[in-house]
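A short worksheet on the structure shown next.
The values are calculated or read from the model by the stated rules, or taken from the named source; none is laboratory data. Quantities reported herein were computed from a predicted structural model and do not represent experimental measurements. With ideal geometry, Cβ positions are generated from the backbone for all residues, glycine too; neighbour counts draw on all protein chains shown. The area values use the complete protein model at the heavy-atom level, side chains included, leaving out ligands, DNA and RNA. Shrake-Rupley method; radii C 1.70, N 1.55, O 1.52, S 1.80 Å.
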Amino acid sequence: MQLTRSTDPKSRRARRIPLPRSRAVWAAVLGWLALNALVLAAAGDRLPFNWPSSTGRTTTDHLLEANIGLVEVLLLMALVRLLTRHRRRPDIAARAPERTQALRETLLLLAYGAAGLALGHVLARSLGWHPFGFHLAGTLYGTHEQVTAAEAVTWALYNLVVYALLPLLYFRRYTAERLCLRSSDRPADAVLITTVLLVESAVQFLVLKPEILDLGGRQLLLGLPLTFTLYLAGAVLPAMIFIYAILLPRMLRLTGSTPATVILCGLAYAVFHLWDAWTRFGSPGDALLSAAFLLLTYFAPGMMKAVLTLRTGNAWVHVWAYHALAPHTLADARHVVHIFRV
């Protein structure tokens, strides 16, 4: 199928709307404030989650960390905007089919994604493992529970097949360009990737102090490539293909709004982490707090990935700038070293 330029004036008008006048932006701001208020009202001094990396921290500490994380992402978005200000903006809405077909494919994707999460829950539980979502159990927050090498490998293969390979097979009638899988300006993409990666890595080392610093030479030599490969297959490629290569252009076609598309991608990214091992759904209160912290943890990074894709037209940019290396390889290498007994 040949790429054609969009003649939909609605999408072009949306690009010229200042952010302070965007209803989607104001809805996101109010929603974020409501999440903070909800957590303060519903939680006590301690949250009900099993977070070994955050032992002894109060609810207020966690909220402060989430809000600082949002500020960092907003600053990174501003940096991306600055670095891409002279680039020709790709017409990503034109890469999606016409609205009726885009709506049909979007609903199909959402139903398929929900089925993938449900099957991942049933399959993993039947094997005595943690439910399969976009993160391996113990990712980011750590875990006191055992995660075996078999579970880790099966998780990665399941996500790779269900959220990346099968969707690509179904949408193979679209070109790589229409799926945002081809760069239109490799030198500019390389500069953007390097800059964002360096900034995010600096934040990881200076502020978050990843446990990679505690690993020995042999653990680093074997653990870093193992972590990179495992998370590339199980988390990075599934998110890139399903959300940012396929779903994002259709969201933009349907909404006609760049801010709304960024926000919807942030929400979608959070939803696909529903089965994170730390979440608790045994009571209404725990379920409410789990949903709140899924959004507080993943909404901003999901938006950042969308911004990188929308500004460049290349979903690969966020893979290298803001996912595969930082945070996952930096933050989760120690966890993988422990799982595989390196």
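Exactly one of these conditions fails for Gly120: (1) assigned to a helix (DSSP H, G or I); (2) within 28 Å of Val337 (Cα to Cα); (3) open to solvent by 60 Å² or more (accessible area, probe 1.4 Å). Give me its number.
Only one criterion in (1) assigned to a helix (DSSP H, G or I); (2) within 28 Å of Val337 (Cα to Cα); (3) open to solvent by 60 Å² or more (accessible area, probe 1.4 Å) is unmet by Gly120, namely (3).
Consider Ala292 carefully, then state whether it is open to solvent by 10 Å² or more (accessible area, probe 1.4 Å), of a type in the set (Gly, Ala, Ser) and modelled with pLDDT of 95 or more.
For Ala292, the condition - open to solvent by 10 Å² or more (accessible area, probe 1.4 Å), of a type in the set (Gly, Ala, Ser) and modelled with pLDDT of 95 or more - is not met.
Can you tell me which residue within segment 211-264, out of those that are free of Cβ contacts under 8 Å to residues at least 12 places away in the same chain and among the aliphatic types (A, V, I, L, M), is surrounded by the fewest Cβ atoms within 10 Å (Cβ to Cβ)?
Leu213
Scanning segment 31-80 for residues that are over 21 Å from Gln204 (Cα atoms) and open to solvent by less than 30 Å² (accessible area, probe 1.4 Å), which turns out nearest to the chain's Cα centre (by Cα)?
Here the answer is Trp32.
Just the residues that are within 25 Å of Pro301 (Cβ to Cβ) and outside any loop (DSSP other than H, G, I, E, B), please, taken from segment 123-148.
If the condition is that a residue be within 25 Å of Pro301 (Cβ to Cβ) and outside any loop (DSSP other than H, G, I, E, B), then Ala124 is the only one that fits.
Can you list residue pairs whose Cβ atoms sit under 9 Å apart, with the first residue in segment 22-39 being part of a helix (DSSP H, G or I) and the second being loosely packed, with under 11 Cβ neighbours inside 10 Å? Count only pairs 6 or more apart in sequence or on different chains.
From segment 22-39, the pairs are Val25/Leu19; Trp26/Pro20.
When both residues are 6+ apart or on different chains and their Cβ atoms are under 8 Å apart, which pairs have a first residue that lies in segment 272-284 and is surrounded by fewer than 18 Cβ atoms within 10 Å (Cβ to Cβ), and a second that is among the charged types (D, E, K, R)?
Arg280/Asp286
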